[in-house]
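Have a look at the structure below before the remarks.
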Amino acid sequence: MCSIKARFCEQKESCNFYIGRRLKHAATARQHAGDPGRVPRFGGLSDPNAAGLARAAQRGVATGSVDHKPFGQDRAAFEAKISDLLAPYQPDIICLAGFMRILSADFVAAWAGKILNIHPSLLPKYKGLHTHARAIKAGDAEAGCSVHQVTADLDDGPILGQAKLSIQPADTPESLSQRVLRLEHKLYPAVLARFARDDLRPVFITG
């Protein structure tokens, strides 16, 4: 699923886009930024009925979408369509959240240094899927989430922030997922606010 969220305007003509499922990060990022001049201007989701589009409309944010399903296994064509949609806005930040797709090296290179991702583990631990189940099975004392710059390698790249909490004896992968998700909603906006000011110092949150 692909969403594309737009820009926090400053004096320069640049844009932030959001790609994933959780469009509400768009609004919370502006709140954390503490800058009324940073206004989201464009957002979208692949599902035309997704709640995130309604949130964007309520804030006067224009929307667009790229549905991956018609492209089947043609990842290059899908990514080309995303780039076609992004290019007119010259985005300076592309935020992945719940994207659940591996971007090609060509796409990452085309937008190098601009793509951020949030991953539900304390990277470099547990890249890929089933992160919460793997943390519980390993007997870890803590779990959490990480925001990182995207490179051509899976769930890799410089870490811009992490939020962590203690794993409880009664935790299941489902309960841990919900607890970590609440931290994601705090961490990503805080990282975005800092990154938008070209500040690459990591953000650390303990839940």
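Every read-out reported here was derived from the displayed coordinates using simple, explicitly stated rules and does not represent laboratory data. Only a predicted model underlies this, so the values are computations on that prediction, with no experimental measurement involved. No Cβ is skipped: glycine too gets one built from the backbone with ideal geometry, and neighbour counts run over all protein chains shown.
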Q) Dividing the convex hull volume of the Cα atoms of segment 119-207 by its residue count, what figure in Å³ per residue is obtained? A) 79 Å³
Q: Can you grab the distance from the C-alpha centre of segment 175-193 to the C-alpha centre of segment 116-156, Å, no decimals?
A: 13 Å
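Restricting the count to DSSP beta bridges whose residues both fall in segment 119-207, what percent are antiparallel, rounded to a multiple of 5?
Close to 65 percent.
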Q. Which far-off residues, 5 or more places away or on another chain, put their amide H under 5 Å from the one on G98, with H placed in the peptide plane?
A. R21, I118
Q: Assign unit charges at the C-beta atoms only (+1 for Lys and Arg, -1 for Asp and Glu), then state the dipole size of segment 119-207 relative to its Cα centre in Debye, rounded to the nearest 20.
A: 180 debye
Q. When the dipole is taken about the Cα centre of segment 53-142, and only Lys, Arg (+1) and Asp, Glu (-1) are charged at their Cβ, what size is it in debye, to the nearest 20?
A. 280 debye
**Q.** DSSP bridge pairs, segment 53-207: antiparallel proportion in percent, nearest 5
**A.** 60 percent
